[in-house]
1. Could you list, ordered by first residue, the pairs with Cβ atoms under 7 Å in which the first is in region 411-431 and closer than 17 Å to Gly701 by Cα and the second is part of a strand (DSSP E or B) and of a type in the set (Lys, Arg), at least 6 apart or interchain?
2. For region 1-21, which residues satisfy the criterion of being away from ligand 1 (no atom under 16 Å from the Cβ) and among the acidic types (Asp, Glu)?
3. Any residue at all in region 149-169 that is within 16 Å of ligand 3 (Cβ to nearest atom) and part of a helix (DSSP H, G or I)?
4. Restricting the search to region 94-145, which residues are open to solvent by less than 10 Å² (accessible area, probe 1.4 Å), away from ligand 1 (no atom under 15 Å from the Cβ) and not small (Gly, Ala, Ser)?
5. The conditions are (1) out of contact with any helix residue (DSSP H, G or I) (no Cβ under 7 Å at 6 or more places or on another chain); (2) touching a residue at least 12 places away in the same chain (Cβ under 8 Å); (3) under 26 Å from Leu92 (Cα atoms), and Phe440 fails exactly one of them. Which is it?
6. Give me the residue from region 426-452 that is polar (S, T, N, Q) and assigned to a loop (DSSP other than H, G, I, E, B) and, out of that set, nearest to Gly61 (Cα to Cα).
7. Could you check region 560-639 for helices (runs of 4 or more DSSP H) lying wholly inside it with 2 or more residues that are aromatic (Phe, Trp, Tyr)?
Amino acid sequence: MTEWQPTACILCECNCGIQVLVGPDGRSFEKIRGDKLHPASAGYTCNKALQLDHYQNGRTGRLTAPLRRRPDGTFEEIDWDTAISEISERMLRIGAEHGGESIFYYGGGGQGNHLGGGYAPATMAAYGMRYRSSALAQEKTGDFWVGARMAGHPVRADVEHAEVALFVGKNPYQSHGFPRARAVLKEIARDPGRSIVVLDPVRTETAELAEFHLQLRPGTDVYLLTAMAAILLRDNLIAHDWLAEHADGVEEVLAVLRTVPIEKYCAIADVDLELVTTATRRIARAESVAALEDLGVQMNRYSTVVSYVEKLVWLLTGNLGKSGTQYAFSGLVALGHDRGHPADAGPRSPVAGARIVSGLVPCNVISEEILTDHPARYRAMVVESANPAHSLADSARMREALAALDLVVVIDIAMTETARLADYILPAPTQFEKYEATFFNFEFPRNIFQLRHPVLPAPPNVLPEPEIHARLVEASGALTEDDYAPLREALAQGREAFAMAFLGILADRRKAKLAPVLLYRTLGPTLPDGADAAALLWAAAYNCARKNPTGVERAGYGTGLAAGERLFEAILTGKHGVVITDDTVEETWNRLRDGKITLNIPELLAVVADLPEPRAEQDWPFVLAAGERRAFTANTIMRDPSWRKRDGGGALRISTADARRLGLSAGDLVRVTTRRGSTEVPVEPTDRMRSGHLALPNGLGLTVFDADGTVLTSGAAPNELTEYDSRDEWVGTPWHKYVPARLDTVPA
Ligand SMILES: Nc1nc2c(c(=O)[nH]1)N[C@H]1C(S)=C(S)[C@@H](COP(=O)(O)OP(=O)(O)OC[C@H]3O[C@@H](n4cnc5c(=O)[nH]c(N)nc54)[C@H](O)[C@@H]3O)O[C@H]1N2
Ligand SMILES: Nc1nc2c(c(=O)[nH]1)N[C@H]1C(S)=C(S)[C@@H](COP(=O)(O)OP(=O)(O)OC[C@H]3O[C@@H](n4cnc5c(=O)[nH]c(N)nc54)[C@H](O)[C@@H]3O)O[C@H]1N2
Ligand code: SF4
Ligand SMILES: [Mo]
């Protein structure tokens, strides 16, 4: 293998195309470069992609065989047949005793892998499982719910073409979130006709490029954004004509904004009224505003209400459905869709009665759903490609919850903090050893999908996730050869006959849920080069062509059933990524519910109308942002600590003024204490932080074993400090960016 091979970076949702050169040892990435042939990233990468060998070959505690826990807590290797049959028997037994819905599914994919998780619904159906969750339900569900209520369809920001880019609790310079983020930010900053507006208590790299940095007091976005919306009204900057055409509920919203004490709210946020006013006027004057909100507000006080007011700011100024604003995207697979039930309706979790958004139980209530004697409690959990014992709030409680279950099954590539607590661990190939893809397809107007081909062989005794799901489904008895035979016969006559036979099966609702495995076992083996895992994409391509025929046609795939087939072929062979749809911005209006925006969400507007003054936290002089994105963080995907070229210990950032007051210099150890826990970390004083604010990086504090068995832990695990019940009232998302904290110096 001496050729550059195309694949993608798996460390954030951008999934930049990369090319790798495998070294003479046949396993290490000797060189990595951006893939100029990738249609979205076009050669761009950030610093992190170049470290991917640490994911593939680093000290990760790679899993190489199925493992079963012994009574003493150690693990023993078992063969796959034993693993699958024992897991299946135990799941069937739990289902018989307590109902399949007592088996919970968590995860399904990280930043780089969604293909395997696409087969999980079949396993869920086979065992009667009903409840699931993933990391999305600890960050994005507030945004999804508000979006569903207002638009009936998820939208994304077209930052690249925007005159004004508005970032609310988002640091794209480090976290990205749209293609070629650093380059795009610099382009906007350089252009005198364009501006960046940032709401962030930290002077981030993004804030440094901004014309307007509103460096607010942590946790006060709801006041500042409400003041901005009110300024729009006060200064007659509302896009009345546009709203008359495109929105309902305008009057109710304006009535509330009329009563907002603008000056007082700016004072609460501690941002100069003049600055807020000029920034707001800049937004109103722009031809186009693209707005991105992220964890700084989605994991903070009033999170769901903030998601609402943030949208009001760009909707009241008419920034939807035109270039450089927001657009309703259509990916290959629907992501983030929710029915948008009002607060008193819609599905709820069985024990805590928490609102389920986009089919996901709030992460923060999972432990409550387990640690109880309620008869409907979860009894078992299947965890796939996620590390909830580390990534969810209140790790100690999460560990307790996992220990209380009758069965925990983990599918991963590495011995993670969660895997260590499992009864069975099922090892998968890494994302470079198998076909893989993500459904983070948000590009616009030309949307991109990349089916990555394996660039390295997998170790002998691991199985890709689709195969694991197929075996679990078969072990349950839900599918047998008898189900595959008619599809295989149809396939022998060609794909068209197969499509007809498959449609026939979809009519049977029980079988339809097993469709991923049906496709995998029938179409899968006929795909070239062992691309069985891509079978699911065949149905996805047909669906995409059915739902967005004009976009697919414009992308060059023709019309009708044949378009789906052509799109699938293109996906299968286009190793560098392909354009799947070519959309127009006007298409947004066809995708919205009734072609309109609903501006008034009564429950949330009522909160905006009556915001109480924030109270100071008596015993907690600091606000800790637990989990910041930095140049060398990547959730827990990279377990090998040596991938960090800087900030290996994950310093606690603190303002220079606070550090001076406490007599702290760079590298000094401090003890951070919260209501939930306490940990020692080195500090990094910086003038980027406000006084009273602290920040710890995310993804640190992993425990990795070196070859000789020594334990390597670097940094603090943020969720040893967070509480499960510090969360949003509407959708249960955690307030990780607002953890009241105290600092004590540690004697040297
Ligand atoms: N380098 C790197 N990139 C990543 C990841 C990673 O681990 N490392 N993870 C990926 C994932 S999973 C996600 S979800 C995204 C998240 O991406 P971001 O949300 O951009 O990341 P964060 O750094 O967690 O938070 C964003 C900003 O919120 C600010 N903030 C803190 N408190 C407040 C507040 O009260 N108000 C406001 N307005 N801002 C506040 C912080 O100072 C920070 O700059 O990043 C993705 N990209
Ligand atoms: N306090 C605090 N907590 C946070 C955050 C924060 O800001 N503060 N951020 C939150 C956010 S936004 C997110 S998205 C979550 C992320 O947290 P999680 O959803 O738990 O995901 P990751 O940390 O990305 O872990 C991914 C897992 O997938 C495994 N993996 C990698 N490749 C493969 C593969 O091919 N197959 C399988 N089966 N497994 C694989 C990795 O080994 C790892 O265990 O963390 C959240 N936790
Ligand atoms: S981490 Fe960097 S290189 Fe990797 S996908 Fe994200 S932006 Fe691209
Ligand atoms: Mo995330």
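1. From region 411-431, the pairs are Ala414/Arg62.
2. The answer is Glu3, and nothing else.
3. Yes.
4. Once the filter is applied, which keeps residues that are open to solvent by less than 10 Å² (accessible area, probe 1.4 Å), away from ligand 1 (no atom under 15 Å from the Cβ) and not small (Gly, Ala, Ser), region 94-145 yields Ile103, Phe104, Tyr105, Tyr106, Leu115, Tyr119, Thr123, Trp145.
5. Against the list (1) out of contact with any helix residue (DSSP H, G or I) (no Cβ under 7 Å at 6 or more places or on another chain); (2) touching a residue at least 12 places away in the same chain (Cβ under 8 Å); (3) under 26 Å from Leu92 (Cα atoms), Phe440 comes up short only on (3).
6. Only one residue fits best here, namely Thr430.
7. Correct list: empty, since no element meets the threshold.
Each row is one residue, and each column tells you yes or no for (1) within 30 Å of Gly108 (Cα to Cα); (2) among the basic types (Lys, Arg); (3) in a helix (DSSP H, G or I); (4) away from ligand 2 (no atom under 16 Å from the Cβ).
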residue	(1), (2), (3), (4)
Gly142	yes, no, yes, no
Val146	yes, no, yes, yes
Pro179	yes, no, no, yes
Lys186	no, yes, yes, yes
Ile196	no, no, no, yes
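The values are calculated or read from the model by the stated rules, or taken from the named source; none is laboratory data. Note that the coordinates shown come from a computational prediction; the quantities given were computed from them, not determined experimentally. Counting neighbours? That spans all protein chains shown, and the Cβs are built from the backbone with ideal geometry, glycine included. For the accessible areas, the whole protein counts, side chains as well, though only heavy atoms, and no ligand, DNA or RNA atoms are used. Shrake-Rupley method; radii C 1.70, N 1.55, O 1.52, S 1.80 Å.
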